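One structure below.
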Amino acid sequence: MELLAYFVSQLPVINLNETLAPMPEEEIERIRISQFRDGSGALMPLPESVKAILRYDRHFKIAKNYPPLLNYLLTSLDANYRVPSVTITQLIRQDSLIGVGLNLIPESLYIWHDTPEMPALLPVTHFGDQIVMLYITKLTKEGEYPIARFDNEPCVWISQSSLIDYVLSVTGKASDIQKADFEKKKKALSTKYKAFVKQEAFSQNPELTPYFNALSD
């Protein structure tokens, strides 16, 4: 069975909601994601996996006591059906382990290398300490974006080949053959976007130097 079709067949098995709230197709087709982290660039379409989830149940849920998988998308949509990117700087400032020491840095300064050419980030709900995000690059031939993770070391890396990979893997619904294929695709995407991931680091802006020096004193 084609991967997307298999994924769709598993949505009712995985979903924890008893009442479904499908999103109308015309609304789904209007949604666009920022291409770049600062909101510039072209407006990118949703991956096929996200469209499939919204058609089935916009509040699709894979973990008890957690928000819907697409909670960020649903709560961030503006009146024009645009979804803004988060920045790693925002995630760092919000993190209780690493953000406290950086709270004297002015809000106008990016702490991370969140420059305009970096791919936009669209978080999905994850039941763990890491932040899981769609890494908005070019759609793969399957119509998907890779998944990146942020950890409070802090670091960012390509962790999965697609949202399909993520959902099936964390819910235990991926077959051994699918797992092997997902791993192969993930390695290929990690190589393809190595240059971007290498830039996922603290900003080298000299205006930050006094603040970083104060932290190390």
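The values are calculated or read from the model by the stated rules, or taken from the named source; none is laboratory data. Just so we're clear, the structure is a prediction, and the values are computed from it rather than from any experiment. We place every Cβ from the backbone using ideal geometry, glycine too, and count neighbours over all the protein chains shown. Heavy atoms of the whole protein, side chains included, go into the accessibility calculation; ligands, DNA and RNA do not. Shrake-Rupley method; radii C 1.70, N 1.55, O 1.52, S 1.80 Å.
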Open item on the list: If I ignore ligands, DNA and RNA and count only protein heavy atoms, how much of Lys61 is accessible to a 1.4 Å probe, in Å² to the nearest 10?
Closed with: 50 Å²
TODO: For the stretch 117-195 and the stretch 65-93, write down the distance between their C-alpha centroids in whole Å.
DONE: 17 Å
Task: Cα lying deepest toward the dipole's positive end in the chain, options Ile92, Ser169, Thr137, charges on Cβ - done: Ser169
- [ ] Could you work out how far helix 3-14 tilts from the main Cα principal axis of the chain, as a 0 to 90 degree angle to the nearest 10?
- [x] 90 degrees
Task: Using distinct alpha-carbon pairs, which all enter the 1/r mean, Kirkwood radius of the chain in Å - done: 18.3 Å
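Within the set Lys64/Lys141; Lys141/Lys194; Lys61/Lys141, which residue pairs have Cα atoms separated by over 30 Å?
In this structure, Lys64/Lys141 exceed 30 Å between Cα atoms.
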Task: Debye, to nearest 20: dipole size of the stretch 96-217, +1 on Lys, Arg Cβ, -1 on Asp, Glu Cβ - done: 660 debye
- [ ] Enumerate the aspartates and glutamates that Lys51 could reach by cross-link, defined here as Cα to Cα under 14 Å, with residues fewer than 8 away along the same chain left out.
- [x] Glu25, Glu26, Glu27, Glu29, Glu142, Glu144
TODO: State, as an integer percentage, the relative contact order of the chain based on alpha-carbon contacts under 8 Å between residues 6 or more apart.
DONE: 19 percent
TODO: Only helical DSSP H runs with n ≥ 4 go in: add -39500 (n - 2.57) per run for the chain, normalise by residue count and round the 222 nm mean residue ellipticity to 500 deg cm²/dmol.
DONE: -10000 deg cm²/dmol
Task: P(r) histogram, all alpha-carbon pairs of the stretch 73-188 included - 10 Å bins from 0, percent - done: 12, 39, 34, 13, 2
Open item on the list: I want the antiparallel fraction of DSSP beta bridges within the chain, as a percent rounded to 5.
Closed with: 90 percent
Task: Longest segment of the chain lacking GluC sites (Glu not before Pro) that sit in a DSSP loop with at most 15 other Cβ atoms within 10 Å - done: 19-106
- [ ] Treating the angle as unsigned and between 0 and 90°, give the value, to the nearest 10°, between the Cα long axis of helix 176-192 and the longest Cα principal axis of the chain.
- [x] 40 degrees
